[in-house]
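Novice: Here you go, one structure.
The values are calculated or read from the model by the stated rules, or taken from the named source; none is laboratory data. It should be emphasised that the depicted structure is a prediction, and the values quoted were computed from it without experimental measurement. Here the Cβ positions follow ideal geometry from the backbone for every residue, glycine too, while neighbour counts run over all protein chains shown.
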Amino acid sequence: MSNTSPVITIDGPSGSGKGTIASRLAKLLGFTLLDSGALYRVLGLAADREGLAPGSDSETIAALARRVEIGFGQPNVDSPWVEGSVWLGSDDVSLAIRTDEASAMASQVAAIPAVRAALLQRQRDFLGANGLVADGRDMGTTVFPDAALKVFLTASVEARADRRYKQLIGKGIDAILPALLSELEERDARDTQRSASPLKPAVDAVIIDSTMMSIEQVMAQITDLAREKLDR
């Protein structure tokens, strides 16, 4: 990749807080934000609306990934769990893509190698002159392997389930904690065991376990790391 603008990647499992941290960090640094998980969630929602099944319509979903119209608004960092608006064409799907069903569909379409290949360049195109904070599961390993700073943010599955529960309830979405825990365990298995870009830390990533940390503590640590790397 020839673009010399700085990139910071924040990878990790669902519910680790990477979306919140990425949003805040991008605003702090004046960088563009890439929420790669939202791309897969919107694609999963689009596939579902067209009646496509990941197990039998992989190529059709990959073709959909190349043409689907996805748009992002600005993140609202005043709340730790409110992210920017997300659009599927002219339809605001900000809430629709945050349901458990949308999360499961996103994980299924993300496991399709042709889909990941189709979205690769679309993700890299987010990099502009000002720099980029990229949030996802393979940002540091596959999409931006030359990133200036790579963070792998994780937490126990129990802590992540509790965070997700509070996030959904806060948005007025019904949720059951034991079900969320089970779903996160299943998603972790899919994400780490898939053949295409499995979830894992980059060899040069800084691993941060946020289980016992507040958002402010994680933010402070990553901000210090970012400033150290960018000052070099």
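Novice: I'm checking my understanding of the structure. Among residues of segment 100-151 that are hydroxyl-bearing (Ser, Thr, Tyr) and in contact with a helix residue (DSSP H, G or I) (Cβ under 8 Å, 6 or more places away or on another chain), which one is nearest to Thr223 (Cα to Cα)?
Specialist: Thr142
Novice: If the Cβ limit is 7 Å and pairs must be 6+ apart or interchain, which residue in segment 126-138 that is hydrophobic (A, V, I, L, M, F, W, C) pairs with which residue that is part of a loop (DSSP other than H, G, I, E, B)?
Specialist: Hits for this filter: Leu127/Asn3; Leu127/Ser5; Ala129/Ser5; Leu132/Ser5; Leu132/Phe31; Leu132/Phe126; Val133/Phe31; Ala134/Phe144.
Novice: Before we move on, is Glu228 surrounded by fewer than 21 Cβ atoms within 10 Å (Cβ to Cβ) and more than 23 Å from Ala104 (Cα to Cα)?
Specialist: Answer is yes for this residue.
Novice: Within segment 2-23, is there a residue that is assigned to a helix (DSSP H, G or I), in contact (Cβ under 8 Å) with a residue 40 or more places away in the chain, surrounded by fewer than 18 Cβ atoms within 10 Å (Cβ to Cβ) and at negative phi?
Specialist: Checked segment 2-23: no residue is assigned to a helix (DSSP H, G or I), in contact (Cβ under 8 Å) with a residue 40 or more places away in the chain, surrounded by fewer than 18 Cβ atoms within 10 Å (Cβ to Cβ) and at negative phi.
Novice: If we scan segment 76-87, do we find a residue that is under 25 Å from Pro13 (Cβ atoms), modelled with pLDDT of 85 or more and surrounded by fewer than 22 Cβ atoms within 10 Å (Cβ to Cβ)?
Specialist: No, because not a single residue in segment 76-87 is under 25 Å from Pro13 (Cβ atoms), modelled with pLDDT of 85 or more and surrounded by fewer than 22 Cβ atoms within 10 Å (Cβ to Cβ).
Novice: Now for a different question. Do we have Thr223 as among the hydroxyl-bearing types (Ser, Thr, Tyr), in contact (Cβ under 8 Å) with a residue 60 or more places away in the chain and surrounded by 21 or more Cβ atoms within 10 Å (Cβ to Cβ) here?
Specialist: When the stated conditions are applied, Thr223 does not pass them.
Novice: Being small (Gly, Ala, Ser), surrounded by 24 or more Cβ atoms within 10 Å (Cβ to Cβ) and closer than 23 Å to Arg49 by Cα is the filter here; which residues of segment 107-163 pass it?
Specialist: Ser107, Ala110
Novice: Being surrounded by 16 or more Cβ atoms within 10 Å (Cβ to Cβ) and not hydrophobic (A, V, I, L, M, F, W, C) is true for just one of Ser195, Ser94, Ser90, Ser182. Which residue is that?
Specialist: Going through Ser195, Ser94, Ser90, Ser182 in turn, the sole match is Ser94.
Novice: Which one of Asp35, Asp57 is at pLDDT below 95 and either more than 22 Å from Phe126 (Cα to Cα) or surrounded by fewer than 18 Cβ atoms within 10 Å (Cβ to Cβ) (or both)?
Specialist: Asp57
Novice: Now, a different point. Testing Leu199 on (1) part of a loop (DSSP other than H, G, I, E, B); (2) among the hydrophobic types (A, V, I, L, M, F, W, C); (3) more than 17 Å from Gly17 (Cα to Cα), one condition comes back false. Which one is that?
Specialist: (3)
Novice: Could you give me the residue pairs with C-beta distances under 9 Å whose first residue belongs to segment 153-176 and is in a loop (DSSP other than H, G, I, E, B), whose second residue is hydroxyl-bearing (Ser, Thr, Tyr) wherever it lies, and which are 6+ apart or on separate chains?
Specialist: Listed pairs, sorted by first residue: Ala155/Ser16; Ala155/Ser210; Ala155/Thr211; Ser156/Thr211; Ile173/Thr99; Ala175/Tyr165; Ile176/Tyr165.
Novice: What are the residues in segment 211-228 that are within 17 Å of the chain's Cα centre (by Cα) and either at pLDDT below 95 or at positive phi (or both), if any?
Specialist: Matches in segment 211-228: Ile215 only.
Novice: Out of curiosity, is Lys27 under 17 Å from Leu168 (Cα atoms), at pLDDT 85 or above and charged (D, E, K, R)?
Specialist: No, not satisfied.
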